[in-house]
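Undergrad: Would you mind keeping the following structure in view while I ask a few things?
The values are calculated or read from the model by the stated rules, or taken from the named source; none is laboratory data. What you see is a predicted model; the values in this text were computed from it and never measured. Here the Cβ positions follow ideal geometry from the backbone for every residue, glycine too, while neighbour counts run over all protein chains shown.
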Amino acid sequence: MGKSASRKYVPSVLLVDDEASVLYTLEAVLKPEGYQIAKASCAENAYELFKSDPFDLVITDLTMPGDSGLVLLENVLKIRPDSMVILITAYGSESIAVDAMKKGAYDYLPKPFANDELKITVRRALEKLSLRQENQLLKERLNERAGLASIVGASEGMQSVYDLITRVGPADVTVLITGESGTGKELVANAIHSLSPRKNSPFIRVNCAALPENLIESELFGYEKGAFTGAINRKLGKFEIAHQGTIFLDEIGEMSPATQTKVLRILQEREFERLGGNHTISVDARVIAATNRDLQAEIANGKFREDLFYRLNVINIHLPPLRERLSDIPLLLEAFARKFCEKFSKKYEKFSDDFMGRLMQYSWPGNVRELQNLIERVIILEDESLFQNSSNRFNMRSKLENEQFIEEGLLSMHYKDAKEVLLKTFEKKYFEGLLDKAAGNMSEAARIAGMHRKNLYLKLKELEIKE
Ligand SMILES: Nc1ncnc2c1ncn2[C@@H]1O[C@H](COP(=O)(O)OP(=O)(O)OP(=O)(O)O)[C@@H](O)[C@H]1O
Ligand SMILES: [Mg+2]
């Protein structure tokens, strides 16, 4: 990649032979094929050229003064392991040629060879190379998706989260992930790491909330033997363990002022000392932080250092609460249901519309985690009605959220349709509430509504509300 799509890709070929006439013939046959060609008269000369431009294909003589073709093969593959190498062998050196193939050569051409034979061998070698590269590309893309694949959701809010993750993941920047509890902050931190060049190095999570004040520093920075009573051995801190990888500072809003100061220093200077130690340790760890607190407000209250905030908040990824992306619920529901069905060996069955409807009307204060826990219980106990009870407790609240949800949907409709939908919803809510209030007494309900009993009756029928 990096090569612009509009420019045609020209494979590069390096020819190596100590006989000028052979070089000349090779070039005469291959140049018209449209390759970019360079020539070297010995292996040493070839190394120079290869280092500045790792060729796609090398065609080399086997026996030359200086390094042989076999040694050249090994050295070339050290620099660029996917280079294609074709050896030209003299009569009687087949066993060496086989050896070369074992060492990674693509093929060999016994002298004398026909021009067409040369052309075809070269073409095949380059085809193989481009297939390999495509494969590699596909694998990389798959890996990229693997990081994102665990995150479910297709709402607009989540789309922009994905977009940010894919753009920020590979860049070595500090990221601050914000969002309410249970919105998937840790999942996002993991995805960022798995998209980064550090993906094969450690991803170390530190939960700043779970550690008591006096432990958090030793946890982060480690300590030397004898640093305090009980420090029997040296202990490495999380920053040190995360060297060349990623350190995920979770619940960063819970850090004490003293710890904040130390963490700030690491971010600024990329170095620290173990507790009780006097030599400075450099560390190369990418920092990702997360919090469900409003750090700006914490700053205003003097609880969080502003300078630390700016260090962490280079890129901010904010996860919207589930109630603002209710359209993700069906997807999440299916993903969780399938997961738990597999885990508990249950048969996957679709949920009832009624159940789905109830899920869509709830405000989900515990966000995706709450939904996941609910689905787990429902699958284990095979009982959808489990949710009814808990949802009733939030009825008032869910009605409000429901309105907000309706409004979001309304904005994608024509005015007339939207008005009708909203009116219907309002009427339904009004009359349902009215009947509740009047405890099912129709005369009382009619009195409150200021309607004739008969009209109320008709209205309820129209709205399909049972008295
Ligand atoms: N979009 C999502 N797709 C699939 N699973 C999700 C999604 N969001 C969250 N989860 C799951 O919900 C649970 C909570 O997510 P996570 O721990 O990442 O949330 P959090 O934002 O870190 O919450 P807290 O602030 O409470 O630590 C996890 O089990 C996670 O796998
Ligand atoms: Mg978390």
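Undergrad: Given (1) over 21 Å from the mean Cα position of the chain (by Cα); (2) surrounded by fewer than 16 Cβ atoms within 10 Å (Cβ to Cβ), identify the lone condition not met by GLU370.
TA: Only one criterion is unmet by GLU370, namely (2).
Undergrad: Could we say that ALA439 is surrounded by 13 or more Cβ atoms within 10 Å (Cβ to Cβ) and either of a type in the set (Gly, Ala, Ser) or in a helix (DSSP H, G or I) (or both) here?
TA: No, not satisfied.
Undergrad: Please go through segment 161-179 and give me each residue that is within 28 Å of ASN373 (Cα to Cα) and either loosely packed, with under 14 Cβ neighbours inside 10 Å or within 7 Å of ligand 1 (Cβ to nearest atom) (or both), ordered by number.
TA: ASP163, GLY179 - these are the residues of segment 161-179 that are within 28 Å of ASN373 (Cα to Cα) and either loosely packed, with under 14 Cβ neighbours inside 10 Å or within 7 Å of ligand 1 (Cβ to nearest atom) (or both).
Undergrad: Follow-up question, since we're still on this one. Scan (1) assigned to a helix (DSSP H, G or I); (2) within 22 Å of ASN190 (Cα to Cα) for the single condition ARG323 breaks and write down its number.
TA: With respect to (1) assigned to a helix (DSSP H, G or I); (2) within 22 Å of ASN190 (Cα to Cα), ARG323 is out only on (2).
Undergrad: Take the residues in segment 197-227 that are closer than 24 Å to PHE309 by Cβ, buried (at least 22 other Cβ atoms within 10 Å of the Cβ) and more than 16 Å from ligand 2 (Cβ to nearest atom); name whichever of them is modelled with the lowest pLDDT.
TA: ILE216
Undergrad: Now for a separate question. Please go through segment 329-364 and give me each residue that is assigned to a loop (DSSP other than H, G, I, E, B) and surrounded by 15 or more Cβ atoms within 10 Å (Cβ to Cβ), ordered by number.
TA: If the condition is that a residue be assigned to a loop (DSSP other than H, G, I, E, B) and surrounded by 15 or more Cβ atoms within 10 Å (Cβ to Cβ), then PHE351, GLN361, TYR362, SER363, TRP364 are the ones that fit.
Undergrad: Could you check THR183 against (1) in a loop (DSSP other than H, G, I, E, B); (2) within 16 Å of ligand 2 (Cβ to nearest atom); (3) without any contact (Cβ under 8 Å) to a residue 60 or more places away in the chain; (4) surrounded by 15 or more Cβ atoms within 10 Å (Cβ to Cβ) and say which number it fails?
TA: Just one mismatch for THR183, condition (3).
Undergrad: Within the group GLY169, GLY230, which residue is more than 15 Å from the chain's Cα centre (by Cα) and either at pLDDT below 90 or more than 16 Å from ligand 2 (Cβ to nearest atom) (or both)?
TA: Among GLY169, GLY230, only GLY230 is more than 15 Å from the chain's Cα centre (by Cα) and either at pLDDT below 90 or more than 16 Å from ligand 2 (Cβ to nearest atom) (or both).
Undergrad: ALA242: touching a residue at least 24 places away in the same chain (Cβ under 8 Å), crowded, with 19+ Cβ neighbours inside 10 Å and in the same structural domain as THR174 (by TED's automatic domain parsing), yes or no?
TA: Yes, satisfied.
Undergrad: Take segment 233-261 and flag every residue that is of a type in the set (D, E, K, R) and either under 22 Å from the mean Cα position of the chain (by Cα) or modelled with pLDDT under 85 (or both).
TA: ARG234, LYS235, ASP250, GLU251
Undergrad: Considering only residues that are more than 20 Å from PRO81 (Cβ to Cβ) and surrounded by 17 or more Cβ atoms within 10 Å (Cβ to Cβ), which ones fall in segment 46-67?
TA: Once the filter is applied, which keeps residues that are more than 20 Å from PRO81 (Cβ to Cβ) and surrounded by 17 or more Cβ atoms within 10 Å (Cβ to Cβ), segment 46-67 yields ASP61, LEU62, MET64.
Undergrad: How many of the residues making up segment 322-364 are under 17 Å from PHE387 (Cβ atoms) and out of contact with any helix residue (DSSP H, G or I) (no Cβ under 8 Å at 6 or more places or on another chain)?
TA: The total comes to 7.
Undergrad: Related question: When you scan segment 239-258, how many residues do you find that are closer than 16 Å to ILE204 by Cβ and away from ligand 2 (no atom under 16 Å from the Cβ)?
TA: 7
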